[in-house]
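See below for the structure under consideration.
The values are calculated or read from the model by the stated rules, or taken from the named source; none is laboratory data. Because the structure is a prediction, the values reported are computed rather than measured. Cβ placement follows ideal geometry from the backbone for every residue including glycine, while neighbour counts extend to all protein chains displayed.
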Amino acid sequence: MHQERATAVVVDGLRKTYGAKVAVDEISLNVYEGEIFGILGPNGAGKSTTVESIAGLRVGDKGRIRVHGIDPRTDRAAVTEVLGVQLQEAKLQPKITVKEALELWSAFYPDPEPWAPLAERLGLGGHLQQRFEHLSGGQQQRLSIALAMIGRPRVVVLDELTTGLDPRARREVWDLVRDVRDRGVTVLLVTHSMEEAQTLCDRIAIVDSGRIRALDTPAGLIDAASAATITTFETEVAIDLAALRELDGVAAARSENGLVTVEGAEGVALAVVEALRTQGVTPQRFRVAAGTLDAAYLDLTETITAMEALR
Amino acid sequence: MTSPTVAMIRTETRLFTRERLSLFWILAFPTLLLVVLGVVPAFREYNEDFGNRRLIDLYVPTTVLLSMIMAAIMTMPPTLTGYRETGVLRRLGTTPARPSSILLGQVLVHAVAVAASSVIVIVVGRVVFGTPLPGSILGYAAAYVLALAVSLGIGTAITAVSPNAKTGQVVAMAAFIPSMFTAGVYFPVEVFGGTVRDIISLTPYGAASNALNDAGAGDFPQLMDLAVMGGWTILLYVIAVRAFKWE
């Protein structure tokens, strides 16, 4: 269904090493116009290096990158006009006010968006005279998004934009990202939060140790995982777990204090009901839930780095 | 429409006026020091050892250099290493404005502040203590421009070789004390003779001090002093350009 859509960003065989360490190892991806594309992975997976290469801040050792047809390596100036960037933990001058920052960034672009309505929409209207150092984390992030948007970019890169925000501020920022996409801007979202990726993204690339481990819609990633569904029920009598484990599509079955959990592919729940009937067991509180991206992610990145990031 | 560079310079100027400590050390402190020293009677006595000049006369070029030291070594490097450490430079690298424009803004703002401070020092010295105005305007201008260039060279080189603000502080301190000494802030280096004096004359502020004194007395500065400052300037900018990291 995506095949006919125009491509905003192309990364083809990107490789980047720092000394002996391979940060990005042959990453290839296409970001379609108007989608929210997530790059998800543990810290140090190569996410930031990938987007910084797209922004022209880094030059890969190998590979081809195009942003709306522009090569960021040879034509960085042209890329800055179509690509807005919010960088991970990049701050502004501590004593610059919100208004001054918006005015300064406006002067960088040939046809900037009027900053006053933009600030208003981002909830910064009441803080125009406030200095950057006195803004809360959420306000700083919103200003950062405003600055990334001010040049009317066609693609905007948002790198770890909700790190360190409280849950309410996170949701506000998420609404903003959807708002940005609804205005026709392609969003490239870098995150290590699975919840964020699952909530916001149309498609997700799961990156680990410099490689793409999977690339699909959130639902597609969950379906493909061995634990697409989670079936739980209670029984009063002991049941034959081994028989359940032998069912087609079951990834795991366990029993704790009378609560049985069966993880498995789509349709496993029906097979479980059938198996219980042959065992003569009536399950209580029978529930089926969709698997989460967490499980899919773990499935895909069974590495120590991933385990550490999830802790 | 304003160009990105002009907008950047304007913003950095505005931000500089909010740095009260920087303003004090660059603009007020040199003149304050001159006034405090001038109040001491001994500083107003003519001394044959100093070419029949008064100590206060010697302290005018010294306090001019003091404002350069304050700006270039004490206030500019921490600002720039801060911009690098907090990602301001990296962030600017993703916009049509180049991150170099913010460095240019900082250098210009500090240069202008130093120039303003120098005017205050010279005028206050003249009005309050009757210190002589520069005798050779052309010579003074040449010495001044080179002294300012070498100062900003020291500042940018400190920024370039310091990987973070903490190291920057140590490097700045290491440059600060010999600079203050050779500029004659602690006591006039004229008290030294022979080899020690020759060595001091080979330092940026030793040469700057000689050149400003000569020009103040009405002579064109010694070419050797100008060459020392020029040589240091080139060396420092080469170091700065080679070692500078944007992140």
What is the residue count in the range A:87-99 for residues that are touching a residue at least 40 places away in the same chain (Cβ under 8 Å), surrounded by fewer than 21 Cβ atoms within 10 Å (Cβ to Cβ) and either farther than 30 Å from B:Arg20 by Cα or more than 7 Å from chain B (Cβ to nearest Cβ) (or both)? 1
Within the range A:150-171, how many residues turn out to be modelled with pLDDT under 90, surrounded by fewer than 17 Cβ atoms within 10 Å (Cβ to Cβ) and out of contact with any helix residue (DSSP H, G or I) (no Cβ under 6 Å at 6 or more places or on another chain)? 5
Given (1) at pLDDT 90 or above; (2) surrounded by fewer than 24 Cβ atoms within 10 Å (Cβ to Cβ); (3) facing another protein chain (nearest Cβ under 10 Å), number of the condition A:Gly84 does not satisfy: (2)
Please determine whether any residue of the range B:159-171 is under 29 Å from B:Leu55 (Cβ atoms) and out of contact with any helix residue (DSSP H, G or I) (no Cβ under 8 Å at 6 or more places or on another chain). no
How about the range A:28-48: which of its residues are closer than 20 Å to A:Val156 by Cβ and outside any loop (DSSP other than H, G, I, E, B)? A:Leu29, A:Asn30, A:Val31, A:Tyr32, A:Ile36, A:Phe37, A:Gly38, A:Ile39, A:Leu40, A:Lys47, A:Ser48
Got at least one residue in the range A:262-281 being basic (Lys, Arg) and under 30 Å from A:Cys201 (Cα atoms)? no
For the range A:32-79, how many residues are within 14 Å of another protein chain (Cβ to nearest Cβ) and either modelled with pLDDT of 90 or more or over 23 Å from A:Ala214 (Cα atoms) (or both)? 19
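Working only within the range B:113-133, note down all residues that are closer than 23 Å to B:Gly155 by Cβ and either in contact (Cβ under 8 Å) with a residue 60 or more places away in the chain or crowded, with 18+ Cβ neighbours inside 10 Å (or both).
B:Ala113, B:Val114, B:Ala116, B:Ser117, B:Ser118, B:Ile120, B:Val121, B:Ile122 - these are the residues of the range B:113-133 that are closer than 23 Å to B:Gly155 by Cβ and either in contact (Cβ under 8 Å) with a residue 60 or more places away in the chain or crowded, with 18+ Cβ neighbours inside 10 Å (or both).
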Condition first: under 10 Å from A:Val11 (Cα atoms), in contact with a helix residue (DSSP H, G or I) (Cβ under 9 Å, 6 or more places away or on another chain) and charged (D, E, K, R). Now tell me which residues in the range A:21-71 satisfy that. none
Determine which single condition A:Leu29 fails, assuming it passes every other condition in (1) modelled with pLDDT of 90 or more; (2) under 17 Å from the mean Cα position of the chain (by Cα); (3) within 8 Å of chain B (Cβ to nearest Cβ). (3)
Out of (1) under 22 Å from B:Arg10 (Cα atoms); (2) more than 11 Å from chain B (Cβ to nearest Cβ), the one A:Gly138 does not meet is (1)
Got at least one residue in the range B:198-219 being in contact with a Phe, Trp or Tyr (Cβ under 8 Å, 6 or more places away or on another chain), in a helix (DSSP H, G or I), in contact (Cβ under 8 Å) with a residue 60 or more places away in the chain and among the hydrophobic types (A, V, I, L, M, F, W, C)? yes
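How many of the residues making up the range A:1-27 are assigned to a strand (DSSP E or B) and more than 27 Å from A:Asp75 (Cβ to Cβ)? Step through it out loud before you land on a result.
First, the residues of the range A:1-27 that are assigned to a strand (DSSP E or B): A:7-18, A:21-27.
Applying the additional criterion that residues be more than 27 Å from A:Asp75 (Cβ to Cβ) yields A:21.
Number of matching residues: 1.
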Pick from the range B:194-247 the residues that are of a type in the set (Asp, Glu) and over 30 Å from B:Asn164 (Cβ atoms): which of them is surrounded by the most Cβ atoms within 10 Å (Cβ to Cβ)? B:Asp225
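For (1) farther than 27 Å from B:Arg98 by Cβ; (2) in contact (Cβ under 8 Å) with a residue 12 or more places away in the chain; (3) surrounded by fewer than 17 Cβ atoms within 10 Å (Cβ to Cβ), each residue gets a yes or a no:
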{"position": "A:Glu33", "(1), (2), (3)": "yes, yes, yes"}
{"position": "A:Ile36", "(1), (2), (3)": "yes, yes, no"}
{"position": "A:Asn43", "(1), (2), (3)": "yes, yes, yes"}
{"position": "A:Ser53", "(1), (2), (3)": "no, yes, no"}
{"position": "A:Arg58", "(1), (2), (3)": "no, yes, no"}
{"position": "A:Asp61", "(1), (2), (3)": "no, yes, yes"}
{"position": "A:Asp71", "(1), (2), (3)": "no, no, yes"}
{"position": "A:Asp75", "(1), (2), (3)": "no, no, yes"}
Checking the condition among the hydroxyl-bearing types (Ser, Thr, Tyr), modelled with pLDDT under 90, assigned by TED's automatic domain parsing to the domain that holds A:Gly41 and surrounded by 14 or more Cβ atoms within 10 Å (Cβ to Cβ), which residue from A:Ser255, A:Ser209 passes? A:Ser209
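Quick grid of which residues meet (1) more than 30 Å from B:Ala217 (Cβ to Cβ); (2) touching a Gly at 6+ places or on another chain (Cβ under 9 Å):
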{"residue": "B:Ser101", "(1), (2)": "yes, no"}
{"residue": "B:Val121", "(1), (2)": "no, no"}
{"residue": "B:Phe129", "(1), (2)": "no, yes"}
{"residue": "B:Tyr140", "(1), (2)": "no, yes"}
{"residue": "B:Pro163", "(1), (2)": "yes, no"}
{"residue": "B:Gly184", "(1), (2)": "no, yes"}
{"residue": "B:Phe187", "(1), (2)": "no, no"}
If I filter the range B:1-32 down to residues being in a loop (DSSP other than H, G, I, E, B) and either without any contact (Cβ under 8 Å) to a residue 12 or more places away in the chain or of a type in the set (Lys, Arg) (or both), which single residue comes out as farthest from the other protein chains (Cβ to nearest Cβ)? B:Thr17
